[in-house]
Amino acid sequence: MSDVLAALPYAVAAWVLLAGCYGIATSRNFIHIIVCLSLVQSSTYLLLLLVGWSGHATAPVFGDVQPGVRVVDPVVQALTLTDIVVGAAVTALLLALTIQLAKRLGTIDPDRIRSLEEDLEE
Amino acid sequence: MSALEIVVVMLVTAPLLVGALVAGGAVTAMGRRLADPVVLLVAVAVTVAAGWTAGAVGDGTRVVWPGGWTPVHGEPIGVALVIDRPAALLVCLVGLLTVAALTYSWHFLADTGTPYVVLVVVFLGACAGFALAGDVFDAFVWFELMGVTAYALTGMRIEEHRSVHGALTFGIVNTVGASLSLSGVALLYARTGELNLAAIGRSLRGSPPDHLVVVSCALLLTGVLVKMALVPFHFWTADAEAVAPTPVCVLLSGAMVTVGAFAVARWWWVVFDGSVPESAIRHALVGFGTVTAVVGAVMCASQRHLKRLLAYSTVAHSGVIACGIGLLSGPGIAAAGLYAVGHACTKGALFLVTGLLLNRFETLDEHELYRRGRGMWLAGTTFVVGGLALAGLPPFGTWAGKAAFSTALAGAHAGWLEVVLLLVSALTGGSVLRAGLRIFAGLGEEPDPGPDTHEQPEGDHPPRRDVLRVLVPPVVLMCVGLWLALGPGVAASAASAGATVVDQQQYSAAVLGGAHLALPAGHVEPLWSVTTVALGLLGAALATGFALASLWPSRLPGPLSVVRRPWHSTQRVLHAVHRAHVGDYVSWVLVGFAVLGATLLLS
């Protein structure tokens, strides 16, 4: 039983990843797609934090912690923070591009944008 | 710090610092005027410094621990920058392409402004950082920086909705890939408690192999294979390269693919070799590579849009490079490296000539451009010669790669890959030749013009006298390709770089401490031999045959015209799959990941 419980958080991370991908694959709106993309990125935050988690441990802030007290792994928290920054940059850029797309074409439905389709064959 | 160490740190920091300064300086008129020359100067400096480093570091591996965070009792604490010849040569190549892109755009694209040069120089810094990163999370951050600048550069012309759409697709697919890679990083950290590449490798080799390591290998590789544009991760490539500004295409096709290939090789030998079975990665890389080469070549042959045509030829070449790495030998890496450099230079030159056509005629449709390039002698010659170079005609760069492949394939008992190489040469080279002869020489039956294919030109219409100056970068790139085949000691240098990549112990000893003597590269086969020249000529002849057959389809001799129907039905199937829908692309990434994972687990 405890094995199942231990594996459950990892299953949640995988589930969030796949749910995000499913959303991107089926969405009909670029803003929705970018939100789903954030979901995909969130799965990595979840996974990283899970990796560093440890039972009965406190936050790795050493100002008010007695020496010898268990803390969770600070490295993964730093990684997660960096990852969030990277993710924010990507999301901002993609949203800006979506605004431009809406301005040029009046639609942000990927099914209705045919600008890249290869209708011309040799 | 020694001079070498300072140069190594500067390779990464100089482009980023200058990028920040130029971006800040753009508020003043003076700063805007200085932006172009300063950035160009930095790109030249990085290229020269990387070239010097490649010579100075020799066959060894040097490690710089910024901030003085050296390992304690063999346990790495800081973030390492690791320099060896292959990494330095990669930075040198990306620098060269950046210089070509910047000189091309300096006079040509006067309205691009400061953001463009800043993004280009940051892209260069990110590639350098990625090549030198000795830490897997660090590598991931560089990778994302490279990605974000590339998305922004692709979508830079916001008035052109195709560019914006291409950049969006590019960004979404690559971000999904990067998230999978980061999941792989997290799992590796969970297993080993290390982020340093060499330390992860050491820890993995000390424990029995298990499925978690294989899954994390598949996750980590998926992200780089997306950048490398292997089928079925390749869909974004044609969309992005068809719409990106011309100098950006040079960087995407030449730098991105090569950097991805470098990451695959480096991570395999440093991290996974010894814990994931060799046969697994060999099957995966050669399998994916072969499918990519064939699909890319066939798609390339069926394009009318010139940039899209070149983008698919990039896909085909990427497949060949993956096969070269998949041979899992020093000569295989050397061949893949030579091929990658030859491809990057030739493709860069072809893209730049294409940009000239776009600006003059406002279309990139091959049929629309029929006969319109007559009189553009230098551009036409460069394009047609570029086609022959892609077909592997000696003594051009891609031929040097193919010649090195012949040796590597003979050593690995994989002679059948020679057929794949010939197919790629014939179809990609033949397609470029077809387009070149049609546009610049006006040969062939008059094609059906089809619907309107007008596109916005990228910059100012260049006056006639400027055309010569615009053509300097492509001609220089072609000459670099020639040097690969003719330069003294190139084959030996490539062989030593290949031997360095596969020498896991040397990397490990340099980073974690411990003594290790660099393995000698062994006997280096010369590139020039009767077989390699004959194979090169055969590839060029096949390409010419394909070009002539598509220029005069009605004069195709009877026995040959039976191939027409299967050829067209193959194309129809492939075109139906390439539906330009971002949802499809992401689904394909997951399919590719599943296939990669299954291949790694089952073989």
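The values are calculated or read from the model by the stated rules, or taken from the named source; none is laboratory data. None of the values given here were measured: they were computed from a predicted structure. Note that each Cβ is placed from the backbone with ideal geometry, even for glycine, and that neighbours are counted across all protein chains shown.
Taking the condition β-branched (Val, Ile, Thr), more than 29 Å from B:ASP135 (Cα to Cα) and exposed (fewer than 14 other Cβ atoms within 10 Å of the Cβ), does A:THR58 pass?
no
Examine the stretch A:71-82 for a residue that is in a loop (DSSP other than H, G, I, E, B), in contact with a strand residue (DSSP E or B) (Cβ under 8 Å, 6 or more places away or on another chain), free of Cβ contacts under 8 Å to residues at least 24 places away in the same chain and hydrophobic (A, V, I, L, M, F, W, C), and state whether such a residue exists.
Yes, the stretch A:71-82 contains at least one residue that is in a loop (DSSP other than H, G, I, E, B), in contact with a strand residue (DSSP E or B) (Cβ under 8 Å, 6 or more places away or on another chain), free of Cβ contacts under 8 Å to residues at least 24 places away in the same chain and hydrophobic (A, V, I, L, M, F, W, C).
Exactly one of (1) more than 11 Å from chain B (Cβ to nearest Cβ); (2) within 14 Å of the chain's Cα centre (by Cα) is unmet by A:LEU5. Its number?
Every condition holds for A:LEU5 apart from (2).
Which condition number in (1) at pLDDT 85 or above; (2) part of a helix (DSSP H, G or I); (3) surrounded by fewer than 20 Cβ atoms within 10 Å (Cβ to Cβ) is the one that B:LEU443 fails?
(2)
Over 30 Å from A:LEU50 (Cα atoms) and at the interface with chain A (Cβ under 10 Å from one of its Cβ atoms): which single residue out of B:ALA167, B:ALA101 fits that description?
B:ALA167
Do any helices (runs of 4 or more DSSP H) lying entirely in the stretch B:182-293 carry at least 1 residues that are within 14 Å of chain A (Cβ to nearest Cβ) and buried (at least 24 other Cβ atoms within 10 Å of the Cβ), and which ones are they?
B:197-205, B:211-228, B:235-243
Can you name the condition, by its number, that A:ARG112 falls short on among (1) assigned to a helix (DSSP H, G or I); (2) more than 9 Å from chain B (Cβ to nearest Cβ)?
Of everything listed in (1) assigned to a helix (DSSP H, G or I); (2) more than 9 Å from chain B (Cβ to nearest Cβ), A:ARG112 misses just condition (1).
Identify the single condition in (1) at the interface with chain B (Cβ under 9 Å from one of its Cβ atoms); (2) closer than 17 Å to A:LEU93 by Cα; (3) small (Gly, Ala, Ser) that A:ALA25 does not satisfy, given that it satisfies every other one.
Of the numbered conditions (1) at the interface with chain B (Cβ under 9 Å from one of its Cβ atoms); (2) closer than 17 Å to A:LEU93 by Cα; (3) small (Gly, Ala, Ser), the odd one out for A:ALA25 is (2).
For B:GLY429, indicate whether it is assigned to a helix (DSSP H, G or I), touching a Pro at 6+ places or on another chain (Cβ under 8 Å) and within 25 Å of B:PHE288 (Cα to Cα).
no
Scan B:LEU548, B:LEU538, B:LEU556, B:LEU560 and give me the residue that is surrounded by fewer than 20 Cβ atoms within 10 Å (Cβ to Cβ), within 13 Å of B:ALA403 (Cα to Cα) and out of contact with any strand residue (DSSP E or B) (no Cβ under 9 Å at 6 or more places or on another chain).
Of B:LEU548, B:LEU538, B:LEU556, B:LEU560, the one residue that is surrounded by fewer than 20 Cβ atoms within 10 Å (Cβ to Cβ), within 13 Å of B:ALA403 (Cα to Cα) and out of contact with any strand residue (DSSP E or B) (no Cβ under 9 Å at 6 or more places or on another chain) is B:LEU538.
Please state which one of B:LEU548, B:LEU484, B:LEU527 is over 30 Å from B:ASN196 (Cα atoms), part of a loop (DSSP other than H, G, I, E, B) and either aliphatic (A, V, I, L, M) or at pLDDT 85 or above (or both).
None of the others qualify; the one that does is B:LEU527.
Testing B:THR570 on (1) surrounded by fewer than 13 Cβ atoms within 10 Å (Cβ to Cβ); (2) within 14 Å of chain A (Cβ to nearest Cβ); (3) over 30 Å from B:VAL214 (Cα atoms), one condition comes back false. Which one is that?
(1)
From the residues in the stretch B:102-121 that are hydroxyl-bearing (Ser, Thr, Tyr) and more than 16 Å from B:GLY254 (Cβ to Cβ), which one is modelled with the lowest pLDDT?
Within the stretch B:102-121, the match that is modelled with the lowest pLDDT is B:THR112.
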